[in-house]
Each structure stands twice: as structure tokens, then as C-alpha cells.
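The values are calculated or read from the model by the stated rules, or taken from the named source; none is laboratory data. These numbers come from a predicted model, not from an experiment. For neighbour counting, all protein chains shown are included, and Cβ atoms are generated from backbone atoms with ideal geometry for every residue, glycine included. Areas reflect the complete protein model, heavy atoms only, side chains present, ligands, DNA and RNA absent. Shrake-Rupley method; radii C 1.70, N 1.55, O 1.52, S 1.80 Å.
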Amino acid sequence: MLASRTIARQAKTTTATVASKKTASRGQTIVRKNSKGGEEGARAYNNDAFGMIAKAASYSLFGAAITKADVEGEFTCEGPITVFAPNDDAFADFAKASGLSKVEIMNFPGLKDVLLNHVAKGKFTAAEGLPAEITMVSGKKVSTAGMSFKKNDIKVDNATIHAITTVIA
């Protein structure tokens, strides 16, 4: 009987010891400035072409590429400008066709030119009728006839944005 009490007492002690152990701390909380997400440390965007693109969840790859290629100035300039913004699906398809992943496309040597193929000086709206051909900031002449649009004439402070489903390479 004494042996059974000792075993019972040892079991209670082991259980109590396990229950009283503290869980490991996750460490210091870090708030990153100039980043997307959350209220603390979130980057504030203006109501310009870049701000609208960067805030839209379906255009995060295009927004990230603009930042990575250091061409934000073309999208935040005084304007008026017109932006043909490809969605994430279009950017992923472009990466795949280029033989790159979505991460690798951010280091694509021609990324800056590809991005500048999507912005034109001046205001071009679907409501007023898009011209058949538009010269982009990159110097490339782009035909609007074959473009597939998701939405047209999104107005922001410095631009008119057209949501498109392909990347203009």
C-alpha cells in the first residue's frame, strides 16, 4: 500500500511540474515601416496611379515590380498619365512564358522597359474612345485594338487607369 501511495504522489508531482512550465517567448515584436499590411507600420499611399495599384490586392505583383525596378516616379508624377495595369494572373502568365517564377521575374533584366510599356503621358479614356495606337513612356507604340480590358477609366489624382489581362512586353 505504501508503494502505491508513493507512485501516486510521484505521478501528481510530474503532472504538476509539466503544467507549471512556461511556454517559450516568441521574442521582440518588430514593426516594419514602409510595408503593406496591418495598421502599425503600414505604408501610406497617395491617391495616384502607383498608390491605387499598390493598394489593390489583384495588382500586387505589378506594384512590387514597379518598386523593384525603381520606376515609381513615372506612376506618381504630376500627370495626366494613362496606365494600363496588368493583374496578377497576367503577370504570372508573363513570368511563366519567360521561363521565370513570380519571384525571379522581379530580377528580369528587361523589367523596367516592360513596366514603362504600361504608362503613357496624357489622358486616354475609353469613354472618349481610345486611340488605335498609343506611344508609351518606354517609346514603344502599342495598339489598343487587341487589348483585353477588365475595367476602364479608373480615375485617380494624376492618372486614368485601365485594368488589363495581359502584360505589354
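So, counting K/R as plus one and D/E as minus one, what does the shell of residues with Cβ under 13 Å around A92 add up to? Local net charge: -2. Applying a DSSP loop filter and a limit of 16 other Cβ atoms within 10 Å to the GluC sites (Glu not before Pro) in segment 48-150 leaves E78, E128. Once the gyration tensor of the Cα atoms in segment 129-169 is diagonalised, the equivalent ellipsoid follows with semi-axes of 17, 13, 10 Å, ordered largest first.
When Rg and the Kirkwood radius Rh are both evaluated on Cα atoms of segment 44-169, their ratio Rg/Rh stands at 0.93.
Counting only heavy atoms of protein chains, what accessible area per residue, in Å², does segment 42-142 have with a probe of 1.4 Å?
Counting only protein heavy atoms, the per-residue value for segment 42-142 is 49 Å².
Amide H contacts under 5 Å for V156: I161, restricted to partners 5 or more places along the chain or on a different chain, H placed in the peptide plane at 1.01 Å from N. In this structure, the amide hydrogen of T135, modeled 1.01 Å from its nitrogen in the peptide plane, lies closer than 5 angstrom to those of V142, counting only residues at least 5 positions away or on a different chain. For segment 140-152, backbone phi angles converted through the Karplus equation (6.51, -1.76, 1.60; θ = phi - 60°) give residue-by-residue couplings of 6, 8, 10, 7, 8, 4, x, 6, 9, 9, 8, 7, 10 Hz, Gly and Pro being listed as x.
Summing Lys and Arg as +1 and Asp and Glu as -1 over all other residues whose Cβ lies under 11 Å from the Cβ of A69 gives a net charge of -2.
Please compute the net charge surrounding K123, taking Lys and Arg as +1 and Asp and Glu as -1 over other residues with Cβ under 12 Å from its Cβ. Within the 12 Å Cβ shell, the charges total 0.
The simple spin-label model puts a point 7 Å past each Cα toward its Cβ; for S98 and K123 those points are separated by 3.3 nm.
Karplus-based coupling profile of segment 109-119, in residue order and whole Hz: x, x, 4, 4, 5, 4, 5, 6, 6, 10, 10, with θ = phi - 60° in 6.51 cos²θ - 1.76 cosθ + 1.60 and x standing for Gly or Pro.
Cross-link list K121/K155; K55/K141; K102/K151; K102/K140; K102/K123: which exceed 22 angstrom alpha carbon to alpha carbon?
Those over the limit are K55/K141; K102/K151; K102/K140; K102/K123.
Split the accessible area of segment 60-99 by element, probe 1.4 Å, and carbon with sulfur accounts for 45%. Distant-in-sequence amide contacts of A126, defined by a placed amide H-H separation under 5 Å and a gap of 5 or more residues or a different chain, comprise D153.
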